[in-house]
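**Q** Can you read through this structure? Questions will come right after.
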4 protein chains.
Amino acid sequence: MAKTPLRIGLIGYGFMGRAHSNAFAKVGNFFDSQYTLVREAVCARNPEAVSAFASRWGYASVETDWRKLIARDDIDLVDIAVPNNLHAEIAIAAAKAGKMILCEKPLGLNAKEAEKMVAAVEKAKVPNMVWYNYRRCPAVVLAKQLIDEGRLGRIFHYRANFLQDWTISADLPQGGAALWRLDVKAAGSGVTGDLLAHCIDTALWLNGGIKDLNAMTETFIKERKHQLTGKVEKVGIDDACAFLCHFNNGSLGLFESTRYARGHKALYTLEINGEHASIRWDLHDLHRLQWFDHRDESRLRGWRSIHVSDGDHPYLKNWWVPGLQIGYEHSFVHQVADFLQGLESGEGARPNFRDGLATDYVVDAVLASARSKKWTKVKQVKG
Amino acid sequence: MAKTPLRIGLIGYGFMGRAHSNAFAKVGNFFDSQYTLVREAVCARNPEAVSAFASRWGYASVETDWRKLIARDDIDLVDIAVPNNLHAEIAIAAAKAGKMILCEKPLGLNAKEAEKMVAAVEKAKVPNMVWYNYRRCPAVVLAKQLIDEGRLGRIFHYRANFLQDWTISADLPQGGAALWRLDVKAAGSGVTGDLLAHCIDTALWLNGGIKDLNAMTETFIKERKHQLTGKVEKVGIDDACAFLCHFNNGSLGLFESTRYARGHKALYTLEINGEHASIRWDLHDLHRLQWFDHRDESRLRGWRSIHVSDGDHPYLKNWWVPGLQIGYEHSFVHQVADFLQGLESGEGARPNFRDGLATDYVVDAVLASARSKKWTKVKQVKG
Amino acid sequence: MAKTPLRIGLIGYGFMGRAHSNAFAKVGNFFDSQYTLVREAVCARNPEAVSAFASRWGYASVETDWRKLIARDDIDLVDIAVPNNLHAEIAIAAAKAGKMILCEKPLGLNAKEAEKMVAAVEKAKVPNMVWYNYRRCPAVVLAKQLIDEGRLGRIFHYRANFLQDWTISADLPQGGAALWRLDVKAAGSGVTGDLLAHCIDTALWLNGGIKDLNAMTETFIKERKHQLTGKVEKVGIDDACAFLCHFNNGSLGLFESTRYARGHKALYTLEINGEHASIRWDLHDLHRLQWFDHRDESRLRGWRSIHVSDGDHPYLKNWWVPGLQIGYEHSFVHQVADFLQGLESGEGARPNFRDGLATDYVVDAVLASARSKKWTKVKQVKG
Amino acid sequence: MAKTPLRIGLIGYGFMGRAHSNAFAKVGNFFDSQYTLVREAVCARNPEAVSAFASRWGYASVETDWRKLIARDDIDLVDIAVPNNLHAEIAIAAAKAGKMILCEKPLGLNAKEAEKMVAAVEKAKVPNMVWYNYRRCPAVVLAKQLIDEGRLGRIFHYRANFLQDWTISADLPQGGAALWRLDVKAAGSGVTGDLLAHCIDTALWLNGGIKDLNAMTETFIKERKHQLTGKVEKVGIDDACAFLCHFNNGSLGLFESTRYARGHKALYTLEINGEHASIRWDLHDLHRLQWFDHRDESRLRGWRSIHVSDGDHPYLKNWWVPGLQIGYEHSFVHQVADFLQGLESGEGARPNFRDGLATDYVVDAVLASARSKKWTKVKQVKG
């Protein structure tokens, strides 16, 4: 049976552009689908650089204006991998053009933008997804299965943090190509939208909605040279953020993220404590899941370190053999595989834009609480 | 040279009474001092039980009324190992009687009590100490040395939690001998005074004072049978507590404790992130310290797991040989050794009652903030 | 500058055929080279299955007779990914046809075969390499760098094991497509050639040649049904193997492999103890290297767990960002990248067939020692 | 009920003299018995030093000649904690004097001596025990329980090693008080009798007798200054030793010990692989047991890290509360508690001298095999 081609137009070719392209290239080797992904075009402002990228990754053509890309008839799917401040405009235009849309996280610069994006894709009825890739780590999916099977019982605690240490030096500038995440205009916020958004997305998926929260943020280095202006400017992003919260299910949450935790490169950890069992996971050893089951025989209870590499673990039958680990990039491959599966079944894939909006509501509440220094209700997504 | 005998009167013979007695019995075997500890008397209400305890632990005599114990001339030091609601009365009486005092933590049922206790011992000028024993784990002392040497540079983050899971069953009653920690009248609070107090004491020691904080508490099981009345009664303690804070040195703090974290028996963990280096420790492997130093050669940076069992590690030259671990009880032995050393030097030992008051100020602020749902300033100890 | 195409003919499409194809497909996305790999043809006996494989992996054509593949002018490089008993015949024919050759490990069924293979490629002067992929795990390469820099000083000990548990059930048959590794005719030996060969290759690379050794082997399950004959037949392979040895540098070696170590899926561990420093690595967490340096300050010595994911770690600047791990399959990508680099520089890549022969000499000595129950000299590769 | 006093005469006051004394002092505080231990006398050649030791540890009297100690009527039990070359003579004399005997390991300088020691105690019918203390670590006892319950099924593999690094410096002298373990005359052998003997004792206990073995030993530093003669002398001990073996139950064994494994202070590890389950333990974290059970649900299999500190773990109900670890010294306390229990029940305690002889047979076979370079049968203990 001939496969249906799905022609991709990628916008942006930075770190995420590479991660997505790798996923587009690999998914067909490892996952069956009625669709074939075609790397049709890649778009970025610098013509030489985008051509080199296209050549390396096998994109058939290049564009330097994203509006032109969206206007092309030979593009079925627009993949948005540019700084946060461009997500909304591009996504809304792409929706109007009837394209399927994959969008990097966080969905909007803020929830207001995200609401418009949701409205646009829902009006246009185009398939849409947000790249919260950590939902697709096999160990995290295994956690989801265990929770959905009711094995944890009543949930008491959820805690997550995302710790990095790459911005500690005061000499690091802000803004520009590689450092747009330090520029509040491009990023919207600091670690809250960049790192905590991941923690929040996973938490909403695993543990349901957040009712209210109380946050603090901090900017340790107050001024940095800006690469676009060449001047020392005030830093507008948050360097660190932590919040307490209540989930709708009555459990307590504790979240933290920072880029000032010396010794942690990208340590995203999460832990859920239930009446009967608990789960822990961390990104630095993403191929393992820690599992404690109180129903085990008393003398023999202990945290199990599950090497998530067996054929009956999520996604793993498509890869190698037991004991051989996969890594970070595979979470993106899985996300694409699930997107294709969602197209095939007609049920769509998650997190979609509506799920991305839910996370943006939490992010907005976090930033509002940090400003007001008060407990803040979180707006819930309807439907 | 003949040693000076120090005659101990122990009040209470529960879990802590045993831990203290073991420390009194062992310290002379492993640490040199001009003092010899004499287990002179132990006091508790049940005459048979206290006699059995005295026999097992070598106390020369017994009392069933703590006032009589304090009145005895042959007692130099009163050790208070009874529920929290009795600390203040006993300690103040003992101070008036001119006794040295060791008191279990937390110092008072609340800071108001603790203030009176401080006033009493300072007026009486009697040596005093609070049993925050985790300061004496060799790995924690090593952490203190590294911090004091300035190796971490500017501190950005301090986080600590104390996780247990022993009260999850709703069938567990409250109150009475073994379960007074669940009875708010005896304990004053739940995990805040019991577990977080430890985390706070260590934090104040390692990272200085806390400026303000924002807390939440939760009682998951609202009613439990009370062992003293036989009736189902409302539970007054907090089952879980978490707070955000600012330290005086500008670093951010995140604290949590609970008795509902399935899989953790008594997992006290702390982590400090500084500009140059970071430290982690946990009580379940108390003989190890995790150390990350950014000044290590770039390719070879990594968290070092230091097996704190060498002769140049704190207290360890007094024990066995490298590689052979000591355990929980040794923290009490060290505390006694340091108390004796403080007597000998005339400088006293820490944490003294004034330090215990500082922790009580934080505990009070935590409980107040949880009630008011507001950021709350922490009262600072003067002097 | 136009790139030189290198047209690949792959023989075999099992587990290793997939791993190699993935490496061929990805290497150009992540590593620069003047060569472009072209997946020209894949060969296997089953026409339907090989066509499906070709379609999935983008091979332009298929063959069902390896002799025809080798005879084709449009094939530059022959990749041998078939059972061990076919390596020699194919490799020798490919060498005669002037093809570059990549060959799965172990090189020959035994050293005698391997000697002929070395002679053939050296006579034909064709580039050649053996797929001992674990040399290309970044953490293992980092270990090699540290050893080459002399940081360990005099070496005292080398120990390695490769532990699996997948053949414990007596119901597992031997022979046939997926289970040829249990059939002595196809595999030559059991764990010795399959697993220990990996340990030996790495050891020779990291620690130099082995002088003599003393081995034992065991076959725990003596008979298994054979899938090709349908009958219960004697098992000819070794289920477990261990040996003691002396390296040429005076250090002691201890090696073990088994498929009967319950709980271990594919746990390849190695440790090297030197005068000044030690190294540990294991395949279940292949993205980490354990490093102990006695020259660290005494109080702070400890095993460092290095998360090998930084830009200054081997190969890592070509992948993602610090903290984001790569996995098993990347070792094959690196091997291809290095092979291309070796072509470009004219210096070739290692392990070449001559290195593969060195490992076969050790494997032969291990099997001979196990039979004779005597210390056995290991034949050394000349040149 | 009045307790029966058991008057101890300790010979030797080095590291082991301290460890034993601590156990004698503590056991009554934590374990019930009809016996009371009385520290009656301690014996060593240096009068000042032995008096100081007696004072510190509460021994009522001192002796400087062990023969006098044995001759005393007020001594019920002789505890031998002197270098290996004195064990036999003292033990045989003590047996003749009708004393109960506790003897440090290894039992004799060699099996020939040990045979005489067994004959002496069995003729005299005196209670006897060898201080192989690691049998009494709670985690190891838990392992024993699991094996005895048949949970592992058929055993395939047993491996153990004991790795240290304290003799790497060539400047370290041999002989004299603290370094008699490096002097072959005092120690009999090097790591084989000192470290491997522990591994062997535990193995025989957990996995039954060893049938035959094949060993290698090495002395890395050939000459060291001797502290007694002041001259550089040939080193007679083995610095490292490894052996392969077959157990009587058909499983394979792999043992190694060394004092040249940089980074390991006293790392005794053992692992047992059975058909259904596996166990791992190491002395550097002696309070944990690693347990893998293949009968766990497939998706959730993993090594469990059991924190052996609960009331239903061996010995633990006598100590603290869950989560609070005990350490090295407690293994000695348990050994004394079990000895007293064996007296009370009349069944004796293990390992007795006969068990110690079994280990000496293995040690002798190891040394013989290393000399002959041949597989060597192990003599079995009768009865």
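**Q** Consider residue A:296 against the criteria (1) of a type in the set (Asp, Glu); (2) more than 27 Å from residue D:306 (Cα to Cα); (3) part of a loop (DSSP other than H, G, I, E, B); (4) within 12 Å of another protein chain (Cβ to nearest Cβ): it satisfies all of them except one. Which criterion is unmet?
**A** (2)
**Q** Sticking with this structure for a sec: Determine whether the stretch A:314-325 contains at least one residue that is polar (S, T, N, Q), surrounded by fewer than 23 Cβ atoms within 10 Å (Cβ to Cβ), in contact with a helix residue (DSSP H, G or I) (Cβ under 6 Å, 6 or more places away or on another chain) and more than 8 Å from every other protein chain (Cβ to nearest Cβ). Steps first, answer last, please.
**A** Here is the first cut: in the stretch A:314-325, the ones polar (S, T, N, Q) are A:318, A:325.
Checking the rest, the ones that are also surrounded by fewer than 23 Cβ atoms within 10 Å (Cβ to Cβ) come to A:318.
Next cut, in contact with a helix residue (DSSP H, G or I) (Cβ under 6 Å, 6 or more places away or on another chain) only: A:318.
Cutting the leftovers down to more than 8 Å from every other protein chain (Cβ to nearest Cβ) gives us A:318.
Looking through the stretch A:314-325, at least one residue is polar (S, T, N, Q), surrounded by fewer than 23 Cβ atoms within 10 Å (Cβ to Cβ), in contact with a helix residue (DSSP H, G or I) (Cβ under 6 Å, 6 or more places away or on another chain) and more than 8 Å from every other protein chain (Cβ to nearest Cβ).
**Q** I'm told residue C:254 meets every condition in (1) modelled with pLDDT of 95 or more; (2) assigned to a loop (DSSP other than H, G, I, E, B); (3) open to solvent by 10 Å² or more (accessible area, probe 1.4 Å) except one. Can you identify the failing condition by its number?
**A** That leaves (2) as the condition not met.
**Q** Moving on. Tell me the residue from C:63, C:48, C:40 that is at pLDDT 95 or above, crowded, with 23+ Cβ neighbours inside 10 Å and more than 20 Å from the chain's Cα centre (by Cα), please.
**A** Details: C:48 fails: crowded, with 23+ Cβ neighbours inside 10 Å; C:40 fails: crowded, with 23+ Cβ neighbours inside 10 Å.
On inspection, the qualifying residue turns out to be C:63.
**Q** Oh, and also: For the stretch A:278-293: of the residues being in a strand (DSSP E or B) and touching a residue at least 40 places away in the same chain (Cβ under 8 Å), which is farthest from the other protein chains (Cβ to nearest Cβ)? Break it down stepwise before answering.
**A** So in the stretch A:278-293, the residues in a strand (DSSP E or B) come out as A:278-282, A:288-293.
Restricting the remaining residues to those that are touching a residue at least 40 places away in the same chain (Cβ under 8 Å) gives A:278-279, A:281, A:288-289, A:291, A:293.
Values: A:278: 4, A:279: 9, A:281: 13, A:288: 8, A:289: 8, A:291: 6, A:293: 8 Å.
Going through the qualifying residues, I end up with A:281.
**Q** In this structure, does residue D:249 turn out to be away from chain B (no Cβ under 14 Å), part of a strand (DSSP E or B) and either surrounded by 24 or more Cβ atoms within 10 Å (Cβ to Cβ) or not aliphatic (A, V, I, L, M) (or both)? Full working, then the answer.
**A** Numbers: away from chain B (no Cβ under 14 Å): yes; part of a strand (DSSP E or B): no; either surrounded by 24 or more Cβ atoms within 10 Å (Cβ to Cβ) or not aliphatic (A, V, I, L, M) (or both): yes.
Against the criterion (away from chain B (no Cβ under 14 Å), part of a strand (DSSP E or B) and either surrounded by 24 or more Cβ atoms within 10 Å (Cβ to Cβ) or not aliphatic (A, V, I, L, M) (or both)), residue D:249 does not qualify.
**Q** Suppose the filter is under 27 Å from residue A:330 (Cβ atoms), in contact (Cβ under 8 Å) with a residue 40 or more places away in the chain, aliphatic (A, V, I, L, M) and surrounded by fewer than 24 Cβ atoms within 10 Å (Cβ to Cβ); does residue A:130 pass it? Show your work before the answer.
**A** Numbers: under 27 Å from residue A:330 (Cβ atoms): yes; in contact (Cβ under 8 Å) with a residue 40 or more places away in the chain: yes; aliphatic (A, V, I, L, M): yes; surrounded by fewer than 24 Cβ atoms within 10 Å (Cβ to Cβ): no.
No, not satisfied.
**Q** Could you pull out the residue among A:261, A:242 that is of a type outside the set (Ser, Thr, Tyr), assigned to a strand (DSSP E or B), within 23 Å of residue B:152 (Cβ to Cβ) and open to solvent by less than 10 Å² (accessible area, probe 1.4 Å)?
**A** On the way: A:261 fails: assigned to a strand (DSSP E or B).
That would be A:242, the only listed residue that is of a type outside the set (Ser, Thr, Tyr), assigned to a strand (DSSP E or B), within 23 Å of residue B:152 (Cβ to Cβ) and open to solvent by less than 10 Å² (accessible area, probe 1.4 Å).
**Q** Can you tell me how many residues in the stretch A:339-351 are touching a residue at least 24 places away in the same chain (Cβ under 8 Å) and open to solvent by 40 Å² or more (accessible area, probe 1.4 Å)? Break it down into steps so the answer makes sense when it comes.
**A** Within the stretch A:339-351, the subset touching a residue at least 24 places away in the same chain (Cβ under 8 Å) is A:339-344, A:348-351.
Narrowing further to those that are open to solvent by 40 Å² or more (accessible area, probe 1.4 Å): A:341, A:344, A:348, A:350.
Number of matching residues: 4.
**Q** Kindly list, by first and then second residue, each pair from a residue in the stretch B:162-188 that is assigned to a loop (DSSP other than H, G, I, E, B) to a residue that is open to solvent by 30 Å² or more (accessible area, probe 1.4 Å) and of a type in the set (Asp, Glu), limited to pairs with Cβ atoms under 8 Å and residues at least 6 apart or on different chains.
**A** Partner pairs satisfying both residue conditions: B:168/A:275.
**Q** On to the next question. Being touching a residue at least 12 places away in the same chain (Cβ under 8 Å), among the basic types (Lys, Arg) and assigned to a helix (DSSP H, G or I): is that true of residue D:225 here? Steps first, answer last, please.
**A** Working: touching a residue at least 12 places away in the same chain (Cβ under 8 Å): yes; among the basic types (Lys, Arg): yes; assigned to a helix (DSSP H, G or I): no.
Spelling it out, it is not the case that residue D:225 is touching a residue at least 12 places away in the same chain (Cβ under 8 Å), among the basic types (Lys, Arg) and assigned to a helix (DSSP H, G or I).
**Q** Considering C:362, C:336, C:378, which residue is of a type outside the set (Ser, Thr, Tyr), buried (at least 21 other Cβ atoms within 10 Å of the Cβ), within 20 Å of residue C:78 (Cβ to Cβ) and more than 14 Å from chain A (Cβ to nearest Cβ)? Explain how you work it out, then say what you get.
**A** Values: C:362 fails: within 20 Å of residue C:78 (Cβ to Cβ); C:378 fails: within 20 Å of residue C:78 (Cβ to Cβ).
Of C:362, C:336, C:378, the one residue that is of a type outside the set (Ser, Thr, Tyr), buried (at least 21 other Cβ atoms within 10 Å of the Cβ), within 20 Å of residue C:78 (Cβ to Cβ) and more than 14 Å from chain A (Cβ to nearest Cβ) is C:336.
**Q** Quick one: in the stretch A:21-60, of everything that is part of a strand (DSSP E or B) and of a type in the set (D, E, K, R), which residue is farthest from residue C:37 (Cα to Cα)?
**A** Of the stretch A:21-60, the ones part of a strand (DSSP E or B) are A:35-43.
Pick out the ones that are also of a type in the set (D, E, K, R) and you get A:39-40.
On the way: A:39: 19, A:40: 21 Å.
Filtering the stretch A:21-60 for residues that are part of a strand (DSSP E or B) and of a type in the set (D, E, K, R), the one farthest from residue C:37 (Cα to Cα) comes out as A:40.
**Q** For residue C:302, state whether it is in contact (Cβ under 8 Å) with a residue 24 or more places away in the chain and more than 11 Å from chain A (Cβ to nearest Cβ).
**A** Working: in contact (Cβ under 8 Å) with a residue 24 or more places away in the chain: no; more than 11 Å from chain A (Cβ to nearest Cβ): yes.
No.
**Q** A further question on this structure: When residue C:142 is evaluated against the numbered criteria (1) among the hydrophobic types (A, V, I, L, M, F, W, C); (2) in a helix (DSSP H, G or I); (3) out of contact with any Lys or Arg (no Cβ under 9 Å at 6 or more places or on another chain), which criterion, by number, is the only one it fails?
**A** If we test residue C:142 against (1) among the hydrophobic types (A, V, I, L, M, F, W, C); (2) in a helix (DSSP H, G or I); (3) out of contact with any Lys or Arg (no Cβ under 9 Å at 6 or more places or on another chain), just (3) comes out false.
**Q** Now, a different point. For the stretch D:203-218, indicate whether the set of residues that are under 17 Å from the mean Cα position of the chain (by Cα) and surrounded by 24 or more Cβ atoms within 10 Å (Cβ to Cβ) is non-empty.
**A** Among the residues of the stretch D:203-218, at least one is under 17 Å from the mean Cα position of the chain (by Cα) and surrounded by 24 or more Cβ atoms within 10 Å (Cβ to Cβ), which makes the answer yes.
**Q** Still on this model: Failed condition for residue C:305, given (1) of a type in the set (Ser, Thr, Tyr); (2) assigned to a strand (DSSP E or B); (3) open to solvent by less than 10 Å² (accessible area, probe 1.4 Å), with all others met?
**A** (3)
**Q** Going through A:181, A:154, A:136, A:159 one at a time, which residue ends up being touching a Leu at 6+ places or on another chain (Cβ under 9 Å) and among the charged types (D, E, K, R)? Write out each step before concluding.
**A** Working: A:181 fails: touching a Leu at 6+ places or on another chain (Cβ under 9 Å); A:154 fails: touching a Leu at 6+ places or on another chain (Cβ under 9 Å); A:136 fails: touching a Leu at 6+ places or on another chain (Cβ under 9 Å).
After applying the criteria, what remains is A:159.
**Q** Also, quick follow-up: Would the stretch C:99-109 turn up any residue that is modelled with pLDDT of 95 or more, in contact with a helix residue (DSSP H, G or I) (Cβ under 9 Å, 6 or more places away or on another chain), more than 18 Å from residue C:14 (Cβ to Cβ) and in a helix (DSSP H, G or I)?
**A** no
**Q** I would also like to ask the following. Here is a check on your reading of the model: is residue A:311 within 14 Å of chain C (Cβ to nearest Cβ), over 30 Å from residue A:215 (Cβ atoms) and among the small types (Gly, Ala, Ser)?
**A** In short, yes.
**Q** Can you tell me which condition residue B:29 does not meet? The list is (1) closer than 30 Å to residue B:317 by Cα; (2) touching a residue at least 24 places away in the same chain (Cβ under 8 Å); (3) among the polar types (S, T, N, Q), and all the others hold.
**A** All conditions pass for residue B:29, except number (2).
**Q** Can you tell me which residue among A:371, A:354 is part of a helix (DSSP H, G or I), open to solvent by 40 Å² or more (accessible area, probe 1.4 Å) and either at pLDDT below 95 or in contact with a helix residue (DSSP H, G or I) (Cβ under 6 Å, 6 or more places away or on another chain) (or both)? Don't jump to the end; show me each part of the working.
**A** On the way: A:371 fails: either at pLDDT below 95 or in contact with a helix residue (DSSP H, G or I) (Cβ under 6 Å, 6 or more places away or on another chain) (or both).
Sole residue among the options that is part of a helix (DSSP H, G or I), open to solvent by 40 Å² or more (accessible area, probe 1.4 Å) and either at pLDDT below 95 or in contact with a helix residue (DSSP H, G or I) (Cβ under 6 Å, 6 or more places away or on another chain) (or both): A:354.
**Q** Looking at the stretch A:172-193, which of its residues are within 19 Å of residue A:263 (Cα to Cα) and open to solvent by 10 Å² or more (accessible area, probe 1.4 Å)? Even if it seems obvious, please write down each step before you answer.
**A** Applying the first criterion (within 19 Å of residue A:263 (Cα to Cα)) to the stretch A:172-193 yields A:172, A:191.
Of everything in the stretch A:172-193, just one residue is within 19 Å of residue A:263 (Cα to Cα) and open to solvent by 10 Å² or more (accessible area, probe 1.4 Å), namely A:172.
**Q** Also: Could you say whether any residue in the stretch A:3-22 is without any contact (Cβ under 8 Å) to a residue 24 or more places away in the chain, of a type outside the set (Val, Ile, Thr), closer than 20 Å to residue A:181 by Cβ and within 11 Å of another protein chain (Cβ to nearest Cβ)? Working first, answer last.
**A** First, pick out the residues of the stretch A:3-22 that are without any contact (Cβ under 8 Å) to a residue 24 or more places away in the chain: A:15.
Okay, now just the ones that are also of a type outside the set (Val, Ile, Thr), so A:15.
Those still in the list that are closer than 20 Å to residue A:181 by Cβ too: A:15.
Still in the running and within 11 Å of another protein chain (Cβ to nearest Cβ): A:15.
Yes, the stretch A:3-22 contains at least one residue that is without any contact (Cβ under 8 Å) to a residue 24 or more places away in the chain, of a type outside the set (Val, Ile, Thr), closer than 20 Å to residue A:181 by Cβ and within 11 Å of another protein chain (Cβ to nearest Cβ).
**Q** Say whether the condition of being closer than 29 Å to residue C:182 by Cβ, open to solvent by 10 Å² or more (accessible area, probe 1.4 Å) and either in contact with a helix residue (DSSP H, G or I) (Cβ under 6 Å, 6 or more places away or on another chain) or assigned to a loop (DSSP other than H, G, I, E, B) (or both) is met by at least one residue in the stretch C:267-277.
**A** Within the stretch C:267-277 (the criterion being closer than 29 Å to residue C:182 by Cβ, open to solvent by 10 Å² or more (accessible area, probe 1.4 Å) and either in contact with a helix residue (DSSP H, G or I) (Cβ under 6 Å, 6 or more places away or on another chain) or assigned to a loop (DSSP other than H, G, I, E, B) (or both)), the answer is yes, since at least one residue qualifies.
**Q** Here is a list: D:154, D:135. Which entry is surrounded by fewer than 24 Cβ atoms within 10 Å (Cβ to Cβ), within 11 Å of another protein chain (Cβ to nearest Cβ) and under 30 Å from residue C:165 (Cα atoms)? Before the answer, list the steps.
**A** Numbers: D:135 fails: within 11 Å of another protein chain (Cβ to nearest Cβ).
Within the list D:154, D:135, the selection yields D:154.
The values are calculated or read from the model by the stated rules, or taken from the named source; none is laboratory data. Predicted model, so just to flag it, every value in this text is computed and none were measured. We place every Cβ from the backbone using ideal geometry, glycine too, and count neighbours over all the protein chains shown. These accessible areas exclude ligands, DNA and RNA; they are computed on the full protein's heavy atoms, side chains included. Shrake-Rupley method; radii C 1.70, N 1.55, O 1.52, S 1.80 Å.
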